[in-house]
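> After the structure tokens below, expect a handful of questions from me.
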Amino acid sequence: MSSDCLVELKTNSFKNPTHAAQVTLDAVRNLVLGNAWTCAKDLFNVLTPTERCLFGAINENAPFARNLILRCLKIIRDDYTAIYDANKSLDTHTQKPSVGWDAQPSYAVPFEDLKERLLDSLSELSAEMELNALNMAQHAPQHVHTNDVVLTMGYSPHVELFLKTAAKKGRSYHVIVAEGGPEKLGRKMACSLASEGVAVTLISDAAVFAVMPKVNKVVLGTYLVMSNGGIRAMCGSHLVALAASRYAVPVLICSTSSALVPEYPEVFEESMMHKAPFHDFAPKALCVMKDGTRPAMCNPMYDYVPPDLISIFLFNSGGYVPSYVYSLRSELYSLEDISWIPGRSPDGEKLSQ
Amino acid sequence: MVFELRRVVGGQFHPAVVKFGLQMHRGLLRGSTTRVFGLLHTLSQVLRDYEAPAGKELIRDFDATVLKPSLEFLHRCRPLSLSMRNTVEVFRQTLFGMENTQGDNEVKLKMLEHIADSTEFIRLAREQIKLTAAARIVDEDVVLIYGYCALVTSIVKYAKEHLKKEFKVIVVDTGPDFEGKLSLEELCCAGIQACYTYITALNVVMSKVNKVILGADAILANGAVKGPIGASQVAMVANSRNVPVLVCCETFKFTETVQTDSFHFNELGPESELLNLTENLNLNPGSTSAQIKTLNLKYDVMPGDFVSALVTEIGMLPCSSVPVVTREHFLRRA
């Protein structure tokens, strides 16, 4: 039974990042509510394989489900340790005092109040997730001022919420929206912002560098945030960030902590070239080579923006500089769960596993 | 349209001027060099048919009653590019340099000769640039080109067809015009291995590129390159990855103007190219489209430090050499 409730996660039918996180959280809560486990270790035995399975998943929303499982694993570890320590201190006088490091907890001791405590923590997490984007957008009035010119590219629900919040707080400012790739989702963004009464100017992707001298701030959304403070974002983000750095314009990344993946960018290098469908801009049959073959087309979905082009991350929990993201990573995830990942640990050593 | 413009500018125009103006207005002449050729051809036709009224001096009368209003008309059809302004300036300098020449016919003949020379000069310059730049392409290169520039495609084709180099070309394109499709078509016909991509993917493809070749509409005296919109982004990303950027440009496009941003001397495309709200949007277009403005710039100005070298008919130059070359040109004419 216990693994059944996670089957849905492995089939990857997530609609969007929020949906992925919600479905995962529900599944984990059902798992905890069920009777298939007696100690924390049993939970790990179910969750850890699911997490690793999601790591390799093709679905673009799978990382959000995986991040949530990692969060849950951390919660289970913390709650277990808290109960374990509380029980230990009760009969501490009967035990030998420990010296130096405690042994790794085995997570094998069944505690009766663990289930209740876990359910509490999970509902706390659920409440946090619901308010994630709203909390992030609360920072908007600090960053967007009246008469500012803000540039963004394409469509991102977080950026939309951020800019709209600023407008609602009485900031009257100007937004320049770049179309954002062949899909031109920037037009959706422009319409949405205009309906909130924001002055919007739509430009083509090619004009980003040309208008940059007039811009005060660049606000971008992102798909994932890497542990080094780089982002994997919509294709074209690098271009915007690079133009901004040329004119010393601050680049703000609106996201939530659920987009923070524990990996470093090199893990993703190979899977970087996810192909998006070629929609309307491919010159269809008109380009056939002499030998009948068609020219290659390259339409990557994501871009990697290195941390040195980013000024500030705006998460639900506050604003962070890119170099601090690794610390957030160790706050949200437990090193025991992520140490199997190939790549470097925060202090630059190669991890043994 | 023509009648309206006639009314605004006043006066009658030579049919060649009207034809050329309409061609420019409808965007039939692609590329600034094509338009310079068109301008020179138009000028020669106008001059040939011109007869100075009795008692008037040909040079001054032609300049005041024919040349100036015609250029004004053309400018309203489509703003004259910097290279066209250059051409006009040289034309007028040559015209006024003939004040001592005897006989109207003599002046006309000499001016027609000047136009023919200028045309030939540009043609030869392009030929030379083609040779110089193509020699820079070596086997196994990956060359990145942007949009459509007749000179750049001719360079790439020459390297393939005459120098027999084996290389790949990445064509980067952008909306709303998608001129890169033309480049891709030409390259495919020439049997060159080409890859097509959108401008947002620049960072991803740039890691594989080892040469960027761009065209230009004008080179400004501060070394900035005026090119099609987006060219500066291509150069910027190339620069960030230390990929050399070659800008191919004839020296007649070197100008004495200086500019540090893209807003002056630019052209605006129609708003509808960017904002076509009726398609694929479920939002209410009537209420929001009024508040959305568009900025459909056609040119941008690339800072000179993005450019590794200018390929010109007088050799490969750094951008800082532009004022020297324009001065030399000026001295030679004087």
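> Mind checking which residues of the range A:178-197 are surrounded by 24 or more Cβ atoms within 10 Å (Cβ to Cβ) and within 8 Å of chain B (Cβ to nearest Cβ)?
A:Glu179, A:Gly180, A:Gly181, A:Pro182, A:Lys184, A:Arg187, A:Ala190, A:Cys191
> Still on this model: Restricting to the range B:97-120, name every residue that is exposed (fewer than 14 other Cβ atoms within 10 Å of the Cβ) and either within 29 Å of B:Asp217 (Cβ to Cβ) or in contact with a Pro (Cβ under 7 Å, 6 or more places away or on another chain) (or both).
B:Glu113, B:Ala116, B:Asp117, B:Glu120
> Between a first residue in the range B:292-304 that is over 13 Å from A:Val208 (Cα atoms) and more than 7 Å from chain A (Cβ to nearest Cβ) and a second residue that is in a loop (DSSP other than H, G, I, E, B) and at pLDDT 90 or above, which pairs have beta carbons less than 9 Å apart while being 6 or more apart in sequence or on different chains?
As it stands, the answer is B:Pro303/B:Asn222; B:Pro303/B:Gly223; B:Pro303/B:Ala224; B:Gly304/B:Leu220; B:Gly304/B:Asn222; B:Gly304/B:Gly223; B:Gly304/B:Ala224; B:Gly304/B:Pro318, since those pairs meet every condition given.
> For the range B:166-206, what are the residues that are of a type outside the set (Ser, Thr, Tyr), assigned to a loop (DSSP other than H, G, I, E, B) and either within 9 Å of another protein chain (Cβ to nearest Cβ) or under 24 Å from B:Thr294 (Cβ atoms) (or both)? Break it down into steps so the answer makes sense when it comes.
First, pick out the residues of the range B:166-206 that are of a type outside the set (Ser, Thr, Tyr): B:166-173, B:175-182, B:184-195, B:199, B:201-206.
Still in the running and assigned to a loop (DSSP other than H, G, I, E, B): B:166-167, B:175-179, B:190-192.
Residues satisfying the conditions are B:Gly175, B:Pro176, B:Asp177, B:Phe178, B:Glu179, B:Ala190, B:Gly191, B:Ile192.
> In the list A:Val175, A:Val211, which residue meets the criterion of being crowded, with 24+ Cβ neighbours inside 10 Å and hydrophobic (A, V, I, L, M, F, W, C)? Give the derivation first.
Working: A:Val211 fails: crowded, with 24+ Cβ neighbours inside 10 Å.
A:Val175 is the lone residue from the list that is crowded, with 24+ Cβ neighbours inside 10 Å and hydrophobic (A, V, I, L, M, F, W, C).
> Do we find a residue being buried (at least 19 other Cβ atoms within 10 Å of the Cβ), assigned to a strand (DSSP E or B), within 16 Å of the chain's Cα centre (by Cα) and modelled with pLDDT of 90 or more anywhere in the range A:254-263?
yes
> Check the range B:76-94 and report whether any residue there is more than 30 Å from B:Leu268 (Cβ to Cβ) and either buried (at least 16 other Cβ atoms within 10 Å of the Cβ) or not assigned by TED's automatic domain parsing to the domain that holds B:Leu182 (or both).
Checked against the condition, which is being more than 30 Å from B:Leu268 (Cβ to Cβ) and either buried (at least 16 other Cβ atoms within 10 Å of the Cβ) or not assigned by TED's automatic domain parsing to the domain that holds B:Leu182 (or both), the range B:76-94 yields at least one hit.
> Give the range A:127-163 a look and list any residue that's closer than 26 Å to A:Asp79 by Cβ and either free of Cβ contacts under 8 Å to residues at least 12 places away in the same chain or crowded, with 16+ Cβ neighbours inside 10 Å (or both), or say none.
Within the range A:127-163, the subset closer than 26 Å to A:Asp79 by Cβ is A:127-132, A:135.
Those that are closer than 26 Å to A:Asp79 by Cβ and either free of Cβ contacts under 8 Å to residues at least 12 places away in the same chain or crowded, with 16+ Cβ neighbours inside 10 Å (or both): A:Ala127, A:Glu128, A:Met129, A:Glu130, A:Asn132, A:Asn135.
> Given the residues B:Leu67, B:Leu28, which is the only one that is in a helix (DSSP H, G or I) and either under 22 Å from B:Gly227 (Cβ atoms) or under 25 Å from the mean Cα position of the chain (by Cα) (or both)?
Among B:Leu67, B:Leu28, only B:Leu67 is in a helix (DSSP H, G or I) and either under 22 Å from B:Gly227 (Cβ atoms) or under 25 Å from the mean Cα position of the chain (by Cα) (or both).
> Does the range A:192-205 contain any residue that is of a type outside the set (S, T, N, Q), part of a helix (DSSP H, G or I), more than 26 Å from A:Thr18 (Cα to Cα) and in contact with a helix residue (DSSP H, G or I) (Cβ under 6 Å, 6 or more places away or on another chain)?
yes
> Only one residue in A:Pro157, A:Pro141, A:Pro110 is more than 9 Å from chain B (Cβ to nearest Cβ) and modelled with pLDDT under 90, so which one is that?
Exactly one of A:Pro157, A:Pro141, A:Pro110 is more than 9 Å from chain B (Cβ to nearest Cβ) and modelled with pLDDT under 90, namely A:Pro110.
> Taking the options B:Leu74, B:Leu80, name whichever one is modelled with pLDDT of 90 or more, hydrophobic (A, V, I, L, M, F, W, C) and not in a helix (DSSP H, G or I).
Result: B:Leu80 is the single residue among B:Leu74, B:Leu80 that is modelled with pLDDT of 90 or more, hydrophobic (A, V, I, L, M, F, W, C) and not in a helix (DSSP H, G or I).
> While we're here: Look at A:Phe268 and say whether it is at pLDDT below 95 and closer than 27 Å to A:Leu151 by Cβ. Steps first, answer last, please.
Numbers: at pLDDT below 95: yes; closer than 27 Å to A:Leu151 by Cβ: yes.
In short, yes.
> Another question, then. With respect to B:Asn222, is the statement that it is within 12 Å of chain A (Cβ to nearest Cβ), under 21 Å from A:Val211 (Cβ atoms) and touching a residue at least 12 places away in the same chain (Cβ under 8 Å) true? Lay out the reasoning, then the answer.
Details: within 12 Å of chain A (Cβ to nearest Cβ): no; under 21 Å from A:Val211 (Cβ atoms): yes; touching a residue at least 12 places away in the same chain (Cβ under 8 Å): yes.
No; evaluated as a whole, the condition is false for this residue.
The values are calculated or read from the model by the stated rules, or taken from the named source; none is laboratory data. Owing to the predicted nature of the structure, the values given are computational and were not obtained by experimental measurement. For neighbour counting, all protein chains shown are included, and Cβ atoms are generated from backbone atoms with ideal geometry for every residue, glycine included.
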